[in-house]
């Protein structure tokens with residue numbers, strides 16, 4: 001009985017005795033068997049309620065651990081981003097002394113340095129236009145031959161364009177050309193003199209030069225030219241104003257030419273992208289603080305003085321200790337920076353981290369290679385942190401995963417106990433229903449027995465002396 005709610009048991013027993021007394025006193029003809037059995041079953045099910053409450057607590061614990069596990073995975077991703085040799089610390093950025101003439105982009109294969117670029121010519125695209133064609137003139141059924149390249153006698157490519165006989169207008173002829181897989185685009189230009197069919201090469205520079213011929217009309221072509229520039233004094237010829245790394249000789253750098261000016265040398269710088277590196281560090285700090293704050297919240301009491309559902313979980317204390325140790329640990333052999341604090345990532349009283357932006361910016365701008373080594377060399381902090389995070393987030397052996405597995409096992413055991421208990425309760429309910437149905441049958445007969453007894457007593461001979469006595 002100690003596991004029962006004694007107040008509930010006393011209330012239920014009082015209610016049942018009241019029903020029985022009412023039946024005996026004649027106030028009712030019997031008892032409500034269904035109600036009585038239901039009230040008794042509430043008492044009988046008290047142990048099951050205890051088991052269900054334990055499951056509710058376990059489910060809350062699993063939910064909290066799952067959330068922390070997700071945050072740990074995010075933290076691991078942020079650490080991996082810092083240690084990835086092709087990640088944030090390998091990204092490069094460019095600067096131009098005159099971006100109107102030359103701008104550039106760089107990928108992670110670029111090498112830091114400064115280059116001098118002089119643009120003497122921009123690449124242009126060849127075009128060809130027909131003679132004026134009188135209003136209503138059609139090129140229906142015409143054949144147009146287009147040769148591409150700087151040498152008309154030795155074209156790089158030739159297109160033979162057949163205009164459908166159904167194209168009754170110049171615009172229809174242009175649409176037909178644009179609908180084909182040719183190396184030109186077509187348009188119609190109309191002024192006060194008449195209309196012209198204009199073809200523009202899809203390839204810039206000399207390689208895209210057009211030589212157009214047809215029996216329907218004459219075409220006049222304007223040649224395209226290659227871009228001309230020097231990169232650190234080396235002449236470079238480019239068919240496009242977008243100069244690839246293979247053309248410019250600058251590994252990982254793509255140039256964009258905007259203007260030509262032989263009198264204005266442009267200084268182009270290629271350097272590590274400190275913005276991306278700083279963002280990666282900030283992402284790590286944010287992810288780290290999220291985990292630590294979630295752990296801290298489990299030990300914070302609410303208005304009723306209750307701690308979180310994981311406050312009594314020893315694993316959580318161990319996890320908290322490991323994270324704090326990771327953030328404060330030192331490494332050697334990776335440059336001047338030995339720990340997070342040395343580059344301006346400071347630990348607060350509650351275990352969270354805060355970035356001293358001035359110190360971190362100074363480190364990234366002045367000693368980028370040392371900061372990179374701190375995170376990416378095999379003897380650096382990043383390597384140690386990555387190894388530790390792999391252990392903490394292991395889906396089987398990690399502390400959070402193992403804790404969840406244990407709780408789920410306990411939860412399943414409780415479910416089995418509840419299922420077995422339900423089988424017992426079915427039998428108990430049947431037994432109580434039978435017992436109280438039999439009792440109710442006796443109580444329903446009681447008034448009749450009283451009447452029969454009264455009738456028998458009233459039929460006895462009167463005895464005054466006995467009555468007076």
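Here are the numbers for this structure:
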{"item": "Any hit, region 259-268, residues being touching a helix residue (DSSP H, G or I) at 6+ places or on another chain (Cβ under 7 Å) and either on the phi > 0 side of the Ramachandran plot or surrounded by 17 or more Cβ atoms within 10 Å (Cβ to Cβ) (or both)", "result": "no"}
{"item": "When residues of region 353-397 are limited to those that are outside any helix (DSSP H, G or I) and free of Cβ contacts under 8 Å to residues at least 12 places away in the same chain, the one surrounded by the fewest Cβ atoms within 10 Å (Cβ to Cβ)", "result": "396"}
{"item": "Residue in region 138-158 that is under 51 Å from the mean Cα position of the chain (by Cα) and either more than 30 Å from residue 257 (Cβ to Cβ) or in the same structural domain as residue 236 (by TED's automatic domain parsing) (or both) present", "result": "no"}
{"item": "Qualifying positions in region 403-421 - touching a residue at least 24 places away in the same chain (Cβ under 8 Å) and under 20 Å from residue 320 (Cβ atoms)", "result": "403, 404, 407"}
{"item": "Residue match in region 172-183 (condition: touching a residue at least 40 places away in the same chain (Cβ under 8 Å) and farther than 30 Å from residue 269 by Cα)", "result": "no"}
{"item": "Spans of strands (runs of 3 or more DSSP E) in region 221-285 with at least 3 residues under 24 Å from residue 125 (Cα atoms)", "result": "227-231, 234-238, 253-257"}
{"item": "Some residue of region 272-286 being under 20 Å from the mean Cα position of the chain (by Cα), assigned by TED's automatic domain parsing to the domain that holds residue 376, within 19 Å of residue 73 (Cβ to Cβ) and surrounded by fewer than 17 Cβ atoms within 10 Å (Cβ to Cβ)", "result": "yes"}
{"item": "Condition met for residue 251 (surrounded by fewer than 17 Cβ atoms within 10 Å (Cβ to Cβ), touching a helix residue (DSSP H, G or I) at 6+ places or on another chain (Cβ under 7 Å) and more than 29 Å from residue 152 (Cβ to Cβ))", "result": "yes"}
{"item": "Search result, residues across region 134-163 that are under 16 Å from residue 176 (Cβ atoms) and not in a loop (DSSP other than H, G, I, E, B)", "result": "143, 144, 145, 146, 159, 160, 161, 162"}
{"item": "Selection from region 324-334 of residues that are surrounded by fewer than 17 Cβ atoms within 10 Å (Cβ to Cβ) and in contact with a helix residue (DSSP H, G or I) (Cβ under 7 Å, 6 or more places away or on another chain)", "result": "329"}
{"item": "Some residue of region 94-105 being part of a loop (DSSP other than H, G, I, E, B) and touching a helix residue (DSSP H, G or I) at 6+ places or on another chain (Cβ under 9 Å)", "result": "no"}
{"item": "Condition met for residue 177 (within 19 Å of residue 216 (Cβ to Cβ), outside any loop (DSSP other than H, G, I, E, B) and touching a strand residue (DSSP E or B) at 6+ places or on another chain (Cβ under 6 Å))", "result": "yes"}
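Rundown of residues vs (1) under 30 Å from residue 307 (Cβ atoms); (2) modelled with pLDDT of 95 or more; (3) in contact with a helix residue (DSSP H, G or I) (Cβ under 7 Å, 6 or more places away or on another chain), yes/no style:
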| site | (1), (2), (3) |
| --- | --- |
| 56 | yes, no, no |
| 67 | yes, yes, yes |
| 71 | yes, yes, yes |
| 74 | yes, yes, yes |
| 125 | no, yes, yes |
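The values are calculated or read from the model by the stated rules, or taken from the named source; none is laboratory data. Model, not experiment: these values are computed from the prediction. No Cβ is skipped: glycine too gets one built from the backbone with ideal geometry, and neighbour counts run over all protein chains shown.
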